[in-house]
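Nothing in this text is a laboratory measurement; each read-out follows from the coordinates by a stated rule. All of these numbers come straight from a predicted model, not from anything done at the bench. For neighbour counting, all protein chains shown are included, and Cβ atoms are generated from backbone atoms with ideal geometry for every residue, glycine included.
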Amino acid sequence: MEATPHWRIRDELPLTAENLRALFDNEIPVVRVKGFASPADCQSFLRGMDGANVQRFNVPPHPGYIGTAQFLFRWGHQKAEYFTAARQAYEDRDYVFRRSWDPIARVNQALAEAAGVPVQVAEEPGFGRYYAGIVRLASGGIKRHTDFAPFNAPDYAIAGIDAQLGWNLFFETPQGGGSTTIYNRPWMAEVVPGQEPPQSYDLPDSQVAGAETWTYHVAAGDLIFFNTRNPHEVSPGTGSGQRLHIGAFVGRQPDRSMVVWS
Ligand SMILES: O=C(O)CCC(=O)C(=O)O
Ligand SMILES: [Fe+2]
């Protein structure tokens, strides 16, 4: 990979097989499906969340979430702990899905139709399925970080992917702010077996200095994909309205099929 790559097209493109490939290969910054969820779908999901088990991340600014994130178990946990937590997380998630609808199924189907390859929730041999579909309330923003399983989760099956996207589907957005900036500087790190995975959260300015950037602005109902190996950050929301969305990662396997987790 070049030291300072540049996107071939600086734009947000629709969901097609070619645009997904270009996003996996970091040739474009964003794929966006406008109005993937209707206003009624967004309302239904928000109502479905009444009474749901919302937790808080233990890093500032402490975004709220429903479900779990594999990232929380990247170090200092037995694998079995994550897959046990995943079962509880599915109960919390399905409480909302049962009362509304299933965005994971709808997005997986859209991905499979667009790309013409199988799309499945990731599985760990001997442990079971990963958790997919984290709901986040991140009105305070999210600090600069990268998400790339080969470096974040080297001991897990998802480390076998060769490129990673993240998608987020927005149900409610703040009046202002809450925009996501992506730095075109694919994360490079050395993974040393048995050693803590390299720092991937709260990355310093020096790591992105001189990189090309793209900022996407969020709108309720929009489904937005980007390459999460690039450092990215979310600005705090302003004015009324929460920043509320569900998201998952999509890994490309060497055989070009896709696996999904959160
Ligand atoms: O909320 C967003 O726009 C991006 C969140 C994020 O960090 C991710 O999906 O990996
Ligand atoms: Fe991220």
Taking only segment 140-183 into account, find how many residues are among the polar types (S, T, N, Q), more than 12 Å from ligand 2 (Cβ to nearest atom) and touching a residue at least 60 places away in the same chain (Cβ under 8 Å). 2
Residue ID - nearest to ligand 1 (Cβ to nearest atom), chosen from residues in segment 134-152 that are surrounded by 22 or more Cβ atoms within 10 Å (Cβ to Cβ) and within 19 Å of Arg229 (Cα to Cα): Asp147
Can you go through Pro204, Pro186, Pro198 and tell me which one is more than 30 Å from Ser44 (Cβ to Cβ), out of contact with any Leu (no Cβ under 7 Å at 6 or more places or on another chain) and without any contact (Cβ under 8 Å) to a residue 40 or more places away in the chain? Pro204
Output for segment 238-250, where each listed residue is assigned to a strand (DSSP E or B) and either over 30 Å from Gly177 (Cα atoms) or within 14 Å of ligand 2 (Cβ to nearest atom) (or both): His245, Ile246, Gly247, Ala248, Phe249, Val250
Tell me, which residue of segment 251-262 that is touching a strand residue (DSSP E or B) at 6+ places or on another chain (Cβ under 8 Å) and part of a loop (DSSP other than H, G, I, E, B) is farthest from ligand 2 (Cβ to nearest atom)? Ser257
Log entry, pairs with first residue in segment 113-131 being under 22 Å from Asn19 (Cα atoms), second being charged (D, E, K, R) and surrounded by 15 or more Cβ atoms within 10 Å (Cβ to Cβ), beta carbons closer than 7 Å, six or more apart or on different chains, reads Val121/Arg129
Search segment 229-255 for residues being in contact with a Pro (Cβ under 7 Å, 6 or more places away or on another chain) and under 29 Å from Ala209 (Cβ atoms), and hand back the single one that is nearest to ligand 1 (Cβ to nearest atom). Arg243
Quick check on my filter: what residues within segment 156-168 are in a strand (DSSP E or B) and either β-branched (Val, Ile, Thr) or near ligand 1 (Cβ under 10 Å from one of its atoms) (or both)? Gln164, Leu165, Gly166, Trp167, Asn168
For segment 171-226, name all the residues that are touching a Pro at 6+ places or on another chain (Cβ under 9 Å), farther than 29 Å from Trp75 by Cβ and outside any strand (DSSP E or B). Pro174, Gly178, Glu212, Val218, Ala220, Gly221
